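Comments concern the structure below.
The values are calculated or read from the model by the stated rules, or taken from the named source; none is laboratory data. Bear in mind the structure is a predicted one, so any value in this text is a computation, not a measurement. Cβ placement follows ideal geometry from the backbone for every residue including glycine, while neighbour counts extend to all protein chains displayed.
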Amino acid sequence: MPRRLAASLPLLEDRIVRCRLCPRLVAWREEVARVKRRAYRHQAYWGRPVAGFGDPAARVVLVGLAPGAHGSNRTGRMFTGDRSGDFLYAALHRAGLASSPASRERGDGLSLRGAFLTSACRCAPPANRVLPEELARCAPFLDAELALLRRARVLVALGAVGWGAILSHLERAGVRVPRPRPRFGHGAEWAAPGGPALLGAYHPSQQNTQTGRLTPAMMDAVLRRALELAG
């Protein structure tokens, strides 16, 4: 799949949502959309790959793992409709990057200012685990999105998988990434020579937010630093 997939974000989104390259992920996302969670049994699930969402002029891009089975896989918008999204959009709103602290569904009027949300994998994976070959098949979508987000200055990795996906993207883009690679951690920071700054943050999953491993103050600190670096 060529890196240059589309000349605009809307055209790229059309390519993404039609992707069926990973049989395991296609089967799982569609099964979840068919069976549904009891609380959402009367809703129509998206059940397709999920494209990035946000400001085309974003200077800060946040890269997560993959859509949640009953979050983005249900609503069709990144980090929308589950607890991870509730935590993240509240933080983006406090940072002045989101128009609302809550994101419930596509078409709810929420918008991002100066920020863009995307992920390393575009389909909800079983048990939230993506196989290396599935990440490799999805990588051209991340490359294409970041190529179109020409004003991006800071890439925030939400979790270790996002961190690895960003470093791999930078290598494919010609940036010299040192070996061993910079290590992921909450608050970790690396400046790509001639490229964007990279920041690490724990993923806003319930496993992290409900255990106190990731607090609102910790997320706020990373976003403040991202805004500083973005100028």
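Key figures
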read-out: Residue within segment 40-57 that is farther than 25 Å from Ile166 by Cβ and basic (Lys, Arg) present; value: yes
read-out: Positions within segment 154-172 being assigned to a loop (DSSP other than H, G, I, E, B) and surrounded by fewer than 15 Cβ atoms within 10 Å (Cβ to Cβ), in sequence order; value: none
read-out: Inter-residue pairs, beta-carbon under 8 Å, first of a type in the set (Val, Ile, Thr) and in segment 62-77, second assigned to a loop (DSSP other than H, G, I, E, B), 6+ apart; value: Val63/Ala120; Thr75/Trp46; Thr75/Gly81; Thr75/Arg104; Thr75/Glu105; Thr75/Arg106
read-out: Which listed residue is in contact (Cβ under 8 Å) with a residue 12 or more places away in the chain and touching a Pro at 6+ places or on another chain (Cβ under 8 Å), from Val161, Val175; value: Val175
read-out: Selection count where residues are in a helix (DSSP H, G or I) and in contact with a Pro (Cβ under 9 Å, 6 or more places away or on another chain), scope segment 43-73; value: 1
read-out: Some residue of segment 10-24 being touching a Leu at 6+ places or on another chain (Cβ under 6 Å), over 18 Å from Ser205 (Cα atoms) and surrounded by fewer than 18 Cβ atoms within 10 Å (Cβ to Cβ); value: yes
read-out: Selection from segment 131-145 of residues that are of a type outside the set (Gly, Ala, Ser) and surrounded by fewer than 23 Cβ atoms within 10 Å (Cβ to Cβ); value: Leu131, Pro132, Glu133, Glu134, Leu135, Arg137, Pro140, Asp143
read-out: Of residues in segment 141-153 being in a helix (DSSP H, G or I) and of a type in the set (D, E, K, R), the one nearest to the chain's Cα centre (by Cα); value: Glu145
read-out: Every pair of residues 6+ apart whose Cβ atoms lie under 7 Å, when the first sits in segment 1-22 and is over 16 Å from Cys138 (Cβ atoms) while the second is modelled with pLDDT of 95 or more and not aliphatic (A, V, I, L, M); value: Leu9/Pro56
read-out: Selected residue (only one of Cys138, Cys121 is closer than 26 Å to Arg20 by Cβ, part of a helix (DSSP H, G or I) and touching a Cys at 6+ places or on another chain (Cβ under 6 Å)); value: Cys138
read-out: Subset tally (residues that are surrounded by fewer than 19 Cβ atoms within 10 Å (Cβ to Cβ) and at pLDDT below 95) for segment 102-128; value: 9
read-out: Tally of residues being in a loop (DSSP other than H, G, I, E, B), within 18 Å of the chain's Cα centre (by Cα) and closer than 10 Å to Val154 by Cα across segment 190-229; value: 1
